[in-house]
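The values are calculated or read from the model by the stated rules, or taken from the named source; none is laboratory data. In this text, all values refer to a predicted model and were calculated from it rather than measured experimentally. Cβ coordinates were reconstructed from backbone atoms using ideal geometry, including for glycine residues, and neighbour counts include every protein chain displayed.
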Amino acid sequence: MIFRPLFLFLTASAASAEIITLKSDDRFHGELLQISPEEGLVIQSPRSPEPIHFRADSFSHLDLENTAEIDPTQTERLVLTNGDILPGRLTSLDEEQLRYKGLAGGDITVPRKLVSTLRFGIKPQALSYEGPAPLEKWTGSGVNNWVLSEDTADGLLMLEPGEMQQDVGLGKQFILQFDLKWQERPSIRLYFCDDLSDKAEKDRYYIDINSGGIQIRRESLEPRWHTLLSLSQIESFDDNQISVELRVNRLVGSIELFLDGKLIRIMRDTAKPTQGDGLVIVRSRSDNSASYLSNLKAYTWDAVSQLELLEEPASEDVDSLVNAEGERMSGALLGLEREEPAPQAPVEESENLQEEPTAKEAPEDEEPVEENKKAATEEAKNETTSEDQAAEEDSTPESPAEEAAPSPQVATTQERPSFFLLKSPFADELKKIPANDARIIYFSQSGEASQENVFPKYELDLTNDGLVSARSITLNGDQLMLEHHLLGSITVPRSAVKAIRYLNELSNDDE
């Protein structure tokens, strides 16, 4: 009977895909029907026969069902001067503006004075591990002491003390995610970057979640323990559940902690990088307060944005480009030049083509033996039929669609080599920097950028680590129409939005 309250709680939490959290901390589960300045927020709750209406400013957080797959072509991140991050791809650049393909798939024109940075080469995250099921791949006492819940996507129900470990191949740069729920008090320690050796001296990290808060520490030889983070006040603890995400880059010694999708802290570890790729799950508490671990996932992470942690602040008077080797080149970025494809010579048809016979004729002087004559006749007939079909397939089609010679194929914009043109104050000739070598561009902020005293009301979390603010939001079918204070009217697919937050900033209308 002690498991029943937890299972009821878990079932209720998973029943609806979209959750609205009001400013009063009340929560409602349901389907979003509308959001607009006129109608406010409208949801269809399974507990109400009629749609429920809320004022547009009455909610603090809206979690949406996110169905969009990560677009592997969106390998760049455009960061605006207000901090918004747009996943997509650069299509053109000149001295005044750039064209960028992203959001709803169309191109948008952005004045350069509104752009802070452009990051390149960001690969989509690839799932490298998903668990915790099956338990057979783990070792340790937890395999026998803990159980998997069949009702909630193979999550791990932990009541007794125990531990279990597995090498999941984390890699040098990775993202680790998991959800934790509990009845009375949380109690879990998760080691990561563990080599899983039997040596007494350990070299690894761990995150500890208990009733006192959250700690992240490095365990090593010298010093034995190094605390990277200690939090005592956790808002999510009031709901007996929390979503944790750790972004680890061992190449530069950084760990980013996200709680419920919000960045809490970026930590730096200056010690020698750990070498292990294993996970260890530990529960030390022995009581009736069950903990439930689910959605344990590890992703590969191409942390190109971490280059900014190692860079000195860029000068606001010039443009700067950082390449894959970490070299910075500064000056005036004049544009993006694409190499024209070489002309292709037309294919000339040969005038000496000879028509091949459509059937193979058997020599007239060969006559099969009488008793095999019938079989030989059938064999010759089959051979003639097969060769007739082959000849028809090899012959030139006479349909109008195929009579015209195909036009030469021209490489697409992305396939053609491209170069950034940089005018350096220390050189007479323009530098041509291959676009494939670019990692970060810092745009000059010396121009007259728009600095209107305009505050957005909403902030949207997008797939591919996107972030967009808006003055107003209107749901139109499967699209969200946004009024952006820098870009004007823009459209975002609803399926690409993970969450919407209402910001408590004072807008112009409220002044």
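When you go through (1) surrounded by fewer than 18 Cβ atoms within 10 Å (Cβ to Cβ); (2) over 19 Å from residue 132 (Cα atoms) one by one for residue 195, which number turns out not to apply?
(2)
Only residues that are closer than 23 Å to residue 198 by Cα and in a loop (DSSP other than H, G, I, E, B): list them for segment 149-179, please.
Of segment 149-179, the ones closer than 23 Å to residue 198 by Cα are 161-172.
The answer is 161, 168, 169, 170, 171, 172.
Can you name every residue in segment 401-453 that is at pLDDT 70 or above and part of a loop (DSSP other than H, G, I, E, B)?
Passing the criteria: 417, 424, 425, 426, 427, 428, 429, 430, 443, 444, 445, 446.
Quick check: is even one residue across segment 256-273 of a type outside the set (S, T, N, Q), under 12 Å from residue 205 (Cβ atoms) and surrounded by fewer than 16 Cβ atoms within 10 Å (Cβ to Cβ)? First the steps, then the outcome.
If we filter segment 256-273 for residues that are of a type outside the set (S, T, N, Q), which is where we start, we get 256-269, 271-273.
If we keep only those that are under 12 Å from residue 205 (Cβ atoms) as well, we get 257, 267, 269, 271, 273.
From what's left, surrounded by fewer than 16 Cβ atoms within 10 Å (Cβ to Cβ): 271, 273.
Looking through segment 256-273, at least one residue is of a type outside the set (S, T, N, Q), under 12 Å from residue 205 (Cβ atoms) and surrounded by fewer than 16 Cβ atoms within 10 Å (Cβ to Cβ).
Conditions first: (1) touching a residue at least 60 places away in the same chain (Cβ under 8 Å); (2) surrounded by 16 or more Cβ atoms within 10 Å (Cβ to Cβ); (3) not in a strand (DSSP E or B). Residue 237 passes all but one, so which condition is the exception?
(1)
Across segment 188-219, which residue is farthest from residue 280 (Cα to Cα) among those that are in a loop (DSSP other than H, G, I, E, B) and in contact with a strand residue (DSSP E or B) (Cβ under 6 Å, 6 or more places away or on another chain)?
Checked segment 188-219; the qualifying residue farthest from residue 280 (Cα to Cα) is 202.
Mind listing just one residue for me: the one in segment 30-85 that is of a type in the set (S, T, N, Q) and more than 28 Å from the chain's Cα centre (by Cα) and, of those, farthest from residue 464 (Cα to Cα)? Explain how you work it out, then say what you get.
Within segment 30-85, the first condition is being of a type in the set (S, T, N, Q), and the residues that meet it are 34, 36, 44-45, 48, 58, 60, 66-67, 73-75, 81-82.
Keeping just the survivors that are more than 28 Å from the chain's Cα centre (by Cα) gives 44-45, 48, 58.
Working: 44: 28, 45: 29, 48: 35, 58: 28 Å.
That would be 48.
Scan segment 122-148 for residues that are assigned to a loop (DSSP other than H, G, I, E, B) and more than 21 Å from residue 496 (Cβ to Cβ) and jot them down.
132, 133, 134, 138, 140, 141, 146
Identify, from the list 179, 239, the residue that is of a type in the set (D, E, K, R) and within 22 Å of residue 138 (Cα to Cα).
179
Can you run down the residue pairs with Cβ atoms below 9 Å, 6 or more apart or on separate chains, where the first is in segment 19-47 and closer than 21 Å to residue 477 by Cα and the partner is surrounded by fewer than 15 Cβ atoms within 10 Å (Cβ to Cβ) and of a type in the set (Ser, Thr, Tyr)?
Close Cβ pairs satisfying both conditions: 30/48.
Within segment 158-178, identify whether any single residue is among the basic types (Lys, Arg), under 30 Å from residue 326 (Cα atoms), within 24 Å of the chain's Cα centre (by Cα) and buried (at least 20 other Cβ atoms within 10 Å of the Cβ), and answer yes or no.
No, segment 158-178 has no match at all.
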